[in-house]
Each structure stands twice: as C-alpha cells, then as structure tokens.
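Below is one structure, written out as structure tokens; comments come after it.
The values are calculated or read from the model by the stated rules, or taken from the named source; none is laboratory data. Note that this is a predicted model, so its numbers are computed, not measured. No Cβ is skipped: glycine too gets one built from the backbone with ideal geometry, and neighbour counts run over all protein chains shown.
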Amino acid sequence: MRGAEEIYSCREDLGRFSQRFLAFKRVSEELGKPWFEAWIERLMANYLEGKIATRIPVRDRTEARAFLALWNGASTWNRLTEPYGEGHENQGFLSWKPINVPPNLRLKPEPNPDPVDLTKKVKQMAIFLGANRVGIAELNRKWVYEETCRNIYDPGPPQTKRIVFGDVEEPQETETELVIPQGIRYAVVTIIDLNRILTQVGPASLSTSIATNMAYARMGITDIALAEAIRMMGYNAIPCKNGTALSIPLAIDAGLGQLGRNGLLITPDYGPAVRIGKVLTDMPLVPDSPIDFGVTEFCNTCKKCAELCPAGAIPKGERTFEPPSETGNPGALKWYVDGKRCLRYWIAAGASCASCQAVCPFTKGSFWGHRVIRGLIKHAPLLNPLWVPLDDLFGYGRMRDPEILWDMKMGPFGIDPSKED
C-alpha cells in the first residue's frame, strides 16, 4: 500500500523523531524559561491594554476579558486531558491502561473477529464520540516518536524516555522506556474541525486560540473515550492526542488528506483548519488508502500561506529534504516550516496564529461551487493559477472583525453544522 513514506520519497536514513526537538522545547531552552510563560505574559499585557493580540484592539478591556474568558473555557478540557498530548504519554486520562473496563473483559475479545465489521463499528464509535471524520492507518513505526520528553515546556535539559515495541501483552512503562506491544498494528485517526470563522480573526488573536483549544479539548475527549470503547471490546488502545506518534503522516496513511505547503494536513472538507487525534490499537482492522485530490500541485502554484505568513516561517520555494532548523525531521521531500520562527511569533503576538489555515483556499464554507473547484483542482491542474486570484477577489481568507464572535451562528463546540449533513 502506497503510504506517506513513499508519497514523500522518504530517504532510507529518515529516522524516528524525538520530542526533545519540538519547537515548544527548543524555544523554551533558547528563552531560558517556558515559552508558554512568556506567551501568557504577553497575553495578559494585551488584555490590560484592551487587545486580543498585540496588534488587534477591541472595544475596551471588558470586551478583551470576554475573549480571555472564552479562551479559558475552551482550554479547560485540553488541560484536563493532558495538554496537547506531547510529553504526557501514559499520564492521567492518557493512560495506556483501561480506566473503566471490568477486569473480566480486559484483553478478552470475542472469538473469530471480523476486521470488516470491527472497522465499521469503530468508525461509528469515533464519530459518535466527537470526531468529524475518521480513517484507519496501518501503523508505520517510523511515525512513532523515538522518545517522549517529559519536560516539554521546560528550559532545562530534556528529560526523555524511549518509546519502544516489545513482547508484552499490554502497554507498559519502566524507568527508562514506554513499551508498546508488538501486536499494536493500527491507528484509528480522527479529524477534529476548527471553527473556520474564528481562525480568520487574526492572523493571531485570542479568537484563533479559542478555536484551536476547543479543537484540542474535543480531541482529548474523543481519543480517551474511543480508547475506552476499544478496550471494552477486549483490545489494547493507546490514546495519543498529539503525543506518541506523528499525526500528519498517520492521517495521510489513513486517507484523510494530503500535506500542504504550510506543513499541515489539508483535508477535502475542512482544508487545514483541523486538528488530528489518534488511538493506536491491536484490534484487527481494515486500513484505508491514501487519497490524492491535487494538493501538492496546487500548493506548487498557490503560495498564499507563505506570502501571508506573518512569521515568514513557510517556504516559498521548492520542496526539499532538509528542514531550516532542528525542529524538523530531515529525510522527507516536503515543504518544511520553521517551527521556531512560528512559535516566536505566537509569543510576540500573545496569541496562537492560524494565518496559514485561515488564508488557505481549501479552507471554505459549505457551497456547491467550492466542491466543483476542488474537482477541477484534481482533474484540471492547468487551471490552478486561476483560483488564487479568484479566491482573493471574493475575499476568502480576509481577516475578520473580532466582533463577529458574538453574533455568528454555530453549533455546539463551534462546529459548522452544514458540513455534517
């Protein structure tokens, strides 16, 4: 099966990535204090000045506080389910062991399992428990982190623990290793959408931070609940959020999208305005196949995200095998984003940036004409140069007034109901 490893012409020397090189860790080390602490300092200074980002004033401080309040609420379940996931493997609700499964059902599946039937059921479970879209990937171990970093935001020396595969019945943790059973061969990968409108109040603002953290909150709830459902069926399940393994190549292998110039997964339904959850399991499943709807060819022409990136972190040139800093893993042919430059812009703005998601022509609302153009991108790539000027002409990706938050129509959790028909 042709997966992300082949699609991106990965070299034989492509190694598993270590969390010690994530931008969150490296920037914290360079700052001499946790990046999040510096970010919060700027965020609070903005609030006192009646702003929701360094360059985005709102009506008054009371208005800014309302944004701050919603950000705090949207962040709550993300924090309670181990923030973002990296560095929190097998901790709290991201435990690798069952939380609420009766002992007599643990690791005791029904005999003669039917992978087709189990795949159908686990996909329905994932949607019911909070996912917008779901796919199955055969687990390529190259996408599993080489090691976790337990002090992911700390400026001190990395405190790491290797992630290995071993001949164990269920996941284990020792003083030096996190051990995944050899039988865990699949990843159930889920797509969680961001509120598209809120990502367009920016390029960086508390509005984009609200949208992002709500997605991570939903991701945590979905991953943990889905893992418990799979465990109740008698199988091992490891809820990950962003941790344990690289989300984007697994999502590509699961047929959920393609990699864009902005370094993000581009999905057919939501563009890059998503977050990716995953649960690793030994439940016998039927993997999905990667899809191709013309993203690479379109990104070659478009360059909109790179030209409008306020941090200058997205490359405008050709794909390469080499990242601009140690926060990228060399050996795959792709557009490497400079993670440190991106994160430093967040800190300066006092808000997370979503410019590359907001301005991407694939980030669209529900309209039949958008589906037609996506079809033309796939089947008539010679027309690609036409779409970006039209995108600009119709004002797509244009930054919105912050006041839109309080008047917009939305479903629970900020979901766009029209995309879930």
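Set side by side, the residues GLY350, GLY365 differ, and just one is over 16 Å from the mean Cα position of the chain (by Cα) and surrounded by fewer than 18 Cβ atoms within 10 Å (Cβ to Cβ), which is GLY365. Counting residues in region 392-408 that are touching a strand residue (DSSP E or B) at 6+ places or on another chain (Cβ under 7 Å) and either closer than 30 Å to PRO34 by Cα or of a type in the set (Gly, Ala, Ser) (or both) gives one or more. Would you point out the residue of region 129-157, among those that are in a loop (DSSP other than H, G, I, E, B), aliphatic (A, V, I, L, M) and in contact with a Gly (Cβ under 8 Å, 6 or more places away or on another chain), that is nearest to VAL179 (Cα to Cα)? Across region 129-157, the extreme among qualifying residues is ILE152.
Highlighted here are the helices (runs of 4 or more DSSP H) found entirely within region 8-87 that include at least 2 residues which are of a type in the set (Ser, Thr, Tyr): 61-80. Total residues in region 250-265 satisfying the condition of being within 13 Å of TRP143 (Cβ to Cβ) and surrounded by fewer than 24 Cβ atoms within 10 Å (Cβ to Cβ): the figure is 0.
A count restricted to region 190-237 and to residues that are surrounded by 24 or more Cβ atoms within 10 Å (Cβ to Cβ), small (Gly, Ala, Ser) and at pLDDT 95 or above stands at 9.
Collect the residues in region 304-324 that are surrounded by fewer than 16 Cβ atoms within 10 Å (Cβ to Cβ) and either under 22 Å from the mean Cα position of the chain (by Cα) or not in a helix (DSSP H, G or I) (or both), keeping them in residue-number order.
GLY312, LYS316, GLY317, GLU318, THR320, GLU322, PRO324
A search for C-beta distances below 8 Å between a residue of region 166-185 that is without any contact (Cβ under 8 Å) to a residue 60 or more places away in the chain and assigned to a loop (DSSP other than H, G, I, E, B) and any residue that is surrounded by fewer than 17 Cβ atoms within 10 Å (Cβ to Cβ) and basic (Lys, Arg), counting only pairs 6+ apart in sequence or on different chains, returns THR176/ARG162. Among the residues making up region 231-253, those that are under 28 Å from ARG150 (Cα atoms) and part of a loop (DSSP other than H, G, I, E, B) are TYR235, ASN236, CYS240, LYS241, ASN242, GLY243, THR244, LEU246. Listed here are the helices (runs of 4 or more DSSP H) enclosed by region 335-421 that have at least 1 residues being under 21 Å from MET214 (Cα atoms): 339-349, 355-358.
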